[in-house]
Amino acid sequence: MGNRPVTVRMARWSAEHPWRAIALWAVFVAVCFVGGNAAGLNEATSGDQAIGEAGRASLIVDAGDFDDPAVDNVLITSRGGTLDQAAAKAAADDAAARLRTVAGVAGVGQPVSARDGSALLLPITMSGDPETASERVQPLRDATATVQAAHPQLRVEQVGGPSIGQALDDTLGKDFKRAELLSLPVTLAILIIAFGALIAASVPVLLALSSVAAAMGLSTLASHLVPATDTTAPVILLIGMAVGVDYSLFYIRREREERAKGRSGLDAVEIAAETSGHAVVVSGFAVIISMAGLLLAGDVVFSSLAIGSILVVAVAVTGSLTVLPALLARLGRWVDRPRVPLLWRLTAPRTGRHGEPRAPRLWPAVLRPALRAPVATLIISVGLLLALAAPALGMKLKFPGMEDLPRTTSAMQAYDRLTAAFPSAGTNHVVAVRAPADQADRVRAALTELSARAAGDPLFAPAEADGPKIEVSADRRVSVLDVATPYASRDDRSVQSLEKLRGDLVPAELRDIPGIEYAVGGGVADSEDYAQHVRDKLPLVMGFVLVLTFLVMAFTFRSVVIAASSIALNLLSAGAAYGLLVLVFQGEWAQGLLGFTSMGAIVSWLPLFLFVVLFGLSMDYHVFVVSRIREGVRAGMSNRDAVSYGITSSAGVVTSAAIVMVGVFSIFATLSTIDMKQLGIGLAAAILLDATIIRGVVLPALMTMLGDANWWAPRFLRPRPATAPTDPPASAPDPVPVPVP
């Protein structure tokens with residue numbers, strides 16, 4: 001007993017003391033969740049998220065300690081034809097009078113007319129914390145709606161940061177709530193189809209949800225070491241549901257399979273722990289390694305995602321090794337109740353004459369080319385995947401701008417009218433300057449000259465009638481200038497205007513001032529600098545993940561060939577996913593099909609995050625399938641028969657797990673924002689490719705072609721021979737070749 005693997009010892013204790021194991025798990029989840037809520041969340045500040053020159057500009061602005069209240073606007077335009085200036089002025093006066101009486105309004109400015117007379121803009125300064133302005137803007141919107149009702153011949157609408165923030169919060173909140181509500185029934189429905197029994201389908205969902213709850217609490221505690229961002233919780237939910245369901249699927253399917261062979265409940269749990277439990281530990285470790293690579297990015301966003309993902313995977317692995325065996329032992333054959341009649345007949349575990357699990361007839365047909373002509377099959381399938389990956393060479397990276405947000409809300413439609421009438425209200429570059437206080441006048445003169453030079457260039461917006469917008473801090477050490485460009489943030493001309501500011505205009509005017517420090521920031525700068533940051537860090541993260549994953553696989557399977565082929569197949573899968581993303585989202589052909597407007601690029605943070613997630617999750621299937629193949633080899637099968645056995649015997653669970661992941665990830669593709677659409681499509685497509693072409697065609701063709709060379713390893717890595725004869729593992733298949741059509 002003492003020589004048995006730790007996964008078996010843990011499972012046996014849990015199976016023999018099920019109520020204790022279940023109670024301990026419930027206490028663990030409750031303590032993590034309650035403890036996290038009590039500690040509170042430490043959120044990342046703008047300083048924590050500073051990247052590149054744009055980040056330096058943000059830090060300089062923060063050092064100025066400016067009074068920067070939230071500002072919203074009332075935009076008055078015509079419903080058609082020329083704007084009646086007298087009617088517009090009357091509406092503006094009415095809006096000003098009403099808004100001055102609204103709680104939360106600190107002041108109402110003078111109306112500003114557009115250069116072409118097409119619009120009138122009334123600025124409103126809000127009181128209180130600017131960060132919460134979107135939560136307090138509704139009374140202002142209500143007052144503006146009253147003005148609109150009193151002036152029906154005009155279009156009177158609220159537009160600005162707080163209004164847009166509220167509209168987006170409402171839209172995205174509904175999106176995520178819909179995704180959460182859909183993901184649970186979709187997952188449960190797929191598992192019912194996979195198992196044909198309601199209890200068996202419910203167990204993976206319960207384990208995944210409890211793992212997510214515990215990880216949420218632990219990540220809140222961890223935020224006091226690594227600040228959290230608003231993307232951490234959704235990613236914990238996404239990754240937690242994926243791996244939690246996967247690990248349970250692997251375990252439960254193997255336990256049911258062993259019971260179908262006639263083994264007792266305790267023996268079936270032990271065998272599942274020795275085989276699938278071991279695969280869960282290895283694949284979980286591989287996912288953790290992949291996620292840990294994000295810590296090398298030197299970016300608080302990626303660091304918080306890494307910590308959250310590592311925690312939820314570690315908790316899911318722990319649950320699958322402890323509470324899951326307890327549940328299976330306590331439920332016994334009740335895990336297959338109540339049965340769904342037709343589905344049960346299709347999904348119930350079946351074994352062949354020699355005890356090997358029988359797969360659906362589809363899989364022998366799929367495997368036939370790989371087993372009969374492995375070289376030709378490998379060349380053709382790899383060639384197709386490389387062709388799919390080729391568009392990734394032309395990948396462009398950008399942050400989504402205001403123009404990429406959904407136009408389904410009135411606030412965004414009003415924003416389009418605002419930027420058309422007032423180009424300087426759209427895309428702005430921020431020139432931030434820090435210099436000795438005695439140089440403040442010289443800095444102002446230089447920034448004024450800079451603004452004048454920019455206004456004469458077609459890459460920038462014309463000069464405002466009231467002069468350049470220069471803010472100076474109370475201590476006269478920090479000065480800030482907004483330089484507008486009339487082009488959308490993703491337009492190449494906006495990037496050209498940024499490059500001209502950084503490379504020519506700003507240095508020419510400011511570099512000769514003693515003790516000066518300056519940087520150019522803003523939305524376009526944020527996008528460009530972050531894209532460059534990702535390009536710089538991607539090779540480092542990839543190298544870390546590849547090297548450590550290679551070492552883990554080599555140690556686990558005692559084969560450098562298996563380790564190297566694992567790396568190659570996962571790189572092929574990730575490359576194909578990148579290429580598919582570029583094909584779908586950098587072009588325009590899929591816009592109507594998926595409901596998005598192409599930004600001509602991939603969201604900046606996606607390639608790095610997608611790589612580590614895909615590399616980690618792909619290892620789930622790979623470890624499970626290769627473990628089954630190794631079982632066949634150890635039982636005395638030929639390499640070809642072992643490959644056939646491993647693929648066919650794992651086909652059901654891998655297919656079920658992949659369908660769950662694809663279903664959940666596809667829900668994210670229905671969300672409104674372009675980054676969530678790209679994330680959902682990228683993950684769903686990659687998992688689908690990985691579970692079908694990679695595991696069903698490329699892997700068997702490669703392992704059949706390599707033959708016994710699959711298991712080659714240097715002497716120091718080879719397993720030590722047993723010192724005394726031992727019984728073959730109870731989990732090994734009967735050493736009889738599996739027929740191959």
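Out of the helices (runs of 4 or more DSSP H) lying entirely within segment 279-349, which hold 1 or more residues that are of a type in the set (Ser, Thr, Tyr) and more than 26 Å from Val27 (Cα to Cα)? Spell out how you get there, then give the answer.
Numbers: elements: 300-321, 323-331, 341-347.
Helices (runs of 4 or more DSSP H) meeting the threshold: 300-321, 341-347.
Can you tell me which residue is modelled with the lowest pLDDT among those in segment 456-502 that are over 24 Å from Val443 (Cβ atoms) and assigned to a loop (DSSP other than H, G, I, E, B)?
In the first step, residues of segment 456-502 are kept if they are over 24 Å from Val443 (Cβ atoms); the result is 458, 486-496.
Next, only the ones that are assigned to a loop (DSSP other than H, G, I, E, B) stay: 458, 486-491.
Working: Pro458: 90, Pro486: 84, Tyr487: 84, Ala488: 77, Ser489: 79, Arg490: 74, Asp491: 80.
Going through the qualifying residues, I end up with Arg490.
Restricting the first residue to segment 706-724 and requiring it to be over 13 Å from Arg640 (Cα atoms) and open to solvent by 100 Å² or more (accessible area, probe 1.4 Å), which pairs with a second residue that is modelled with pLDDT of 85 or more and among the β-branched types (Val, Ile, Thr) meet a Cβ separation below 6 Å and a spacing of at least six or different chains?
If the second residue must be modelled with pLDDT of 85 or more and among the β-branched types (Val, Ile, Thr), the pairs left are Trp712/Val561.
Going by the conditions given, is Val31 at pLDDT 90 or above, outside any strand (DSSP E or B) and surrounded by fewer than 20 Cβ atoms within 10 Å (Cβ to Cβ)? Steps first, answer last, please.
On the way: at pLDDT 90 or above: yes; outside any strand (DSSP E or B): yes; surrounded by fewer than 20 Cβ atoms within 10 Å (Cβ to Cβ): yes.
Judged against the criteria, Val31 is a match.
Output yes when any residue across segment 544-566 is under 32 Å from the mean Cα position of the chain (by Cα) and over 30 Å from Asn639 (Cβ atoms), and no when none is. Walk me through how you get there before you give the answer.
Of segment 544-566, the ones under 32 Å from the mean Cα position of the chain (by Cα) are 544-557, 560-566.
The next check asks that each one be over 30 Å from Asn639 (Cβ atoms); those that pass are 544.
The answer is yes, given that some residue of segment 544-566 is under 32 Å from the mean Cα position of the chain (by Cα) and over 30 Å from Asn639 (Cβ atoms).
Restrict the check to segment 76-97 and report whether at least one residue is crowded, with 18+ Cβ neighbours inside 10 Å, within 19 Å of Pro123 (Cα to Cα) and at pLDDT below 90.
Taking every residue of segment 76-97 in turn, none turns out to be crowded, with 18+ Cβ neighbours inside 10 Å, within 19 Å of Pro123 (Cα to Cα) and at pLDDT below 90.
Please enumerate the residues belonging to segment 126-141 that are in contact (Cβ under 8 Å) with a residue 24 or more places away in the chain and in a helix (DSSP H, G or I). Spell out the reasoning first.
Pass one, segment 126-141, residues in contact (Cβ under 8 Å) with a residue 24 or more places away in the chain: 126-128, 130, 133-141.
Result: Pro130, Ala133, Ser134, Glu135, Gln138, Pro139, Leu140, Arg141.
Is it the case that Arg155 is touching a Lys or Arg at 6+ places or on another chain (Cβ under 7 Å), at pLDDT 75 or above and more than 25 Å from Gly523 (Cα to Cα)?
Numbers: touching a Lys or Arg at 6+ places or on another chain (Cβ under 7 Å): yes; at pLDDT 75 or above: yes; more than 25 Å from Gly523 (Cα to Cα): yes.
So Arg155 passes the test.
Of the residues Asp690, Asp675, which single one is out of contact with any His (no Cβ under 6 Å at 6 or more places or on another chain), of a type in the set (D, E, K, R) and open to solvent by less than 10 Å² (accessible area, probe 1.4 Å)?
Working: Asp675 fails: open to solvent by less than 10 Å² (accessible area, probe 1.4 Å).
Going through Asp690, Asp675 in turn, the sole match is Asp690.
Conditions: (1) more than 38 Å from the chain's Cα centre (by Cα); (2) buried (at least 18 other Cβ atoms within 10 Å of the Cβ); (3) under 29 Å from Leu405 (Cβ atoms). Val495 meets all but one. Number of the miss?
(1)
Is there any pair with a first residue in segment 364-392 that is modelled with pLDDT under 95 and a second that is open to solvent by less than 50 Å² (accessible area, probe 1.4 Å) and not in a helix (DSSP H, G or I) whose Cβ atoms are under 6 Å apart and which are 6 or more apart or on different chains, and what are they?
Cβ pairs passing all conditions: Leu371/Val740.
Can you tell me which residue within segment 537-552, out of those that are over 16 Å from Phe609 (Cβ atoms) and without any contact (Cβ under 8 Å) to a residue 12 or more places away in the chain, is least open to solvent (accessible area, probe 1.4 Å)?
The initial filter retains those residues of segment 537-552 that are over 16 Å from Phe609 (Cβ atoms), namely 543, 546-552.
This time we only want the ones that are without any contact (Cβ under 8 Å) to a residue 12 or more places away in the chain, so: 543, 547.
Working: Gly543: 30, Val547: 89 Å².
So, considering only residues that are over 16 Å from Phe609 (Cβ atoms) and without any contact (Cβ under 8 Å) to a residue 12 or more places away in the chain, the one least open to solvent (accessible area, probe 1.4 Å) is Gly543.
Conditions (1) farther than 28 Å from Leu24 by Cα; (2) buried (at least 18 other Cβ atoms within 10 Å of the Cβ); (3) modelled with pLDDT under 90, marked per residue:
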| position | (1), (2), (3) |
| --- | --- |
| Lys177 | yes, no, yes |
| Leu181 | yes, no, yes |
| Leu188 | no, no, yes |
| Ile193 | yes, no, yes |
| Leu206 | no, no, no |
| Ser211 | no, yes, no |
| Gly217 | no, yes, no |
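Are any of the residues in segment 417-440 in contact with a helix residue (DSSP H, G or I) (Cβ under 6 Å, 6 or more places away or on another chain), among the basic types (Lys, Arg) and either within 21 Å of Arg115 (Cα to Cα) or surrounded by 17 or more Cβ atoms within 10 Å (Cβ to Cβ) (or both)?
The answer is yes, given that some residue of segment 417-440 is in contact with a helix residue (DSSP H, G or I) (Cβ under 6 Å, 6 or more places away or on another chain), among the basic types (Lys, Arg) and either within 21 Å of Arg115 (Cα to Cα) or surrounded by 17 or more Cβ atoms within 10 Å (Cβ to Cβ) (or both).
For segment 503-534, name all the residues that are surrounded by fewer than 14 Cβ atoms within 10 Å (Cβ to Cβ) and either of a type in the set (A, V, I, L, M, F, W, C) or assigned to a helix (DSSP H, G or I) (or both).
Gly503, Asp504, Pro507, Ala508
Test of understanding: among Ala684, Ala651, Ala590, Ala635, which residue is surrounded by fewer than 24 Cβ atoms within 10 Å (Cβ to Cβ), within 23 Å of Gly401 (Cβ to Cβ) and among the aliphatic types (A, V, I, L, M)? Before the answer, list the steps.
On the way: Ala684 fails: within 23 Å of Gly401 (Cβ to Cβ); Ala651 fails: within 23 Å of Gly401 (Cβ to Cβ); Ala635 fails: within 23 Å of Gly401 (Cβ to Cβ).
Sole residue among the options that is surrounded by fewer than 24 Cβ atoms within 10 Å (Cβ to Cβ), within 23 Å of Gly401 (Cβ to Cβ) and among the aliphatic types (A, V, I, L, M): Ala590.
Does segment 208-219 contain any residue that is farther than 22 Å from Leu405 by Cβ, of a type in the set (Val, Ile, Thr) and assigned to a helix (DSSP H, G or I)? Please lay out each step first, then the result.
To start, the set of residues in segment 208-219 that are farther than 22 Å from Leu405 by Cβ comprises 208-219.
Subsequent filtering for residues that are of a type in the set (Val, Ile, Thr) retains 212.
With assigned to a helix (DSSP H, G or I) added as a condition, the list becomes 212.
Looking for residues that are farther than 22 Å from Leu405 by Cβ, of a type in the set (Val, Ile, Thr) and assigned to a helix (DSSP H, G or I), one finds at least one in segment 208-219, hence yes.
Tally the residues that are more than 27 Å from Thr427 (Cβ to Cβ), crowded, with 19+ Cβ neighbours inside 10 Å and out of contact with any strand residue (DSSP E or B) (no Cβ under 8 Å at 6 or more places or on another chain), restricting the search to segment 121-169.
Of the residues in segment 121-169, 1 are more than 27 Å from Thr427 (Cβ to Cβ), crowded, with 19+ Cβ neighbours inside 10 Å and out of contact with any strand residue (DSSP E or B) (no Cβ under 8 Å at 6 or more places or on another chain).
Write out, first by first residue and then by second, each pair whose Cβ atoms fall under 8 Å of each other, whose residues are 6+ apart or on separate chains, and whose first residue, in segment 580-606, is assigned to a helix (DSSP H, G or I) while the second is open to solvent by 10 Å² or more (accessible area, probe 1.4 Å) and among the hydroxyl-bearing types (Ser, Thr, Tyr).
Phe585/Ser598; Gln591/Thr597; Gln591/Ser598
Determine whether Ala179 is among the aliphatic types (A, V, I, L, M), free of Cβ contacts under 8 Å to residues at least 24 places away in the same chain and part of a helix (DSSP H, G or I). Write out each step before concluding.
Values: among the aliphatic types (A, V, I, L, M): yes; free of Cβ contacts under 8 Å to residues at least 24 places away in the same chain: no; part of a helix (DSSP H, G or I): yes.
The answer is no for Ala179.
Any idea which of Pro406, Pro369, Pro400 is on the phi < 0 side of the Ramachandran plot and either in a helix (DSSP H, G or I) or of a type in the set (Lys, Arg) (or both)?
Numbers: Pro406 fails: either in a helix (DSSP H, G or I) or of a type in the set (Lys, Arg) (or both); Pro400 fails: either in a helix (DSSP H, G or I) or of a type in the set (Lys, Arg) (or both).
Within the list Pro406, Pro369, Pro400, the selection yields Pro369.
Quickly run through segment 473-483 and pick out the residues that are surrounded by 18 or more Cβ atoms within 10 Å (Cβ to Cβ) and touching a His at 6+ places or on another chain (Cβ under 8 Å).
Matches in segment 473-483: Val483 only.
Search segment 92-109 for residues being assigned to a helix (DSSP H, G or I) and within 16 Å of Arg141 (Cβ to Cβ), and hand back the single one that is farthest from the chain's Cα centre (by Cα).
Filtering segment 92-109 for residues assigned to a helix (DSSP H, G or I) gives 92-99.
Now drop any that are not within 16 Å of Arg141 (Cβ to Cβ), which leaves 94-96, 98-99.
Working: Asp94: 47, Ala95: 43, Ala96: 44, Arg98: 44, Leu99: 41 Å.
Filtering first and then ranking leaves Asp94.
Of all the residues that make up segment 229-270, how many are open to solvent by 10 Å² or more (accessible area, probe 1.4 Å) and either assigned to a loop (DSSP other than H, G, I, E, B) or more than 20 Å from Leu181 (Cα to Cα) (or both)?
Result for segment 229-270: 15.
The values are calculated or read from the model by the stated rules, or taken from the named source; none is laboratory data. This is a predicted model, so every value here is computed, not measured. Cβ: placed from backbone, ideal geometry, glycine included. Neighbour counts: every protein chain shown. Ligands, DNA and RNA are stripped out before the accessible areas are found, and what is left, the full protein with its side chains, is counted by its heavy atoms. Shrake-Rupley method; radii C 1.70, N 1.55, O 1.52, S 1.80 Å.
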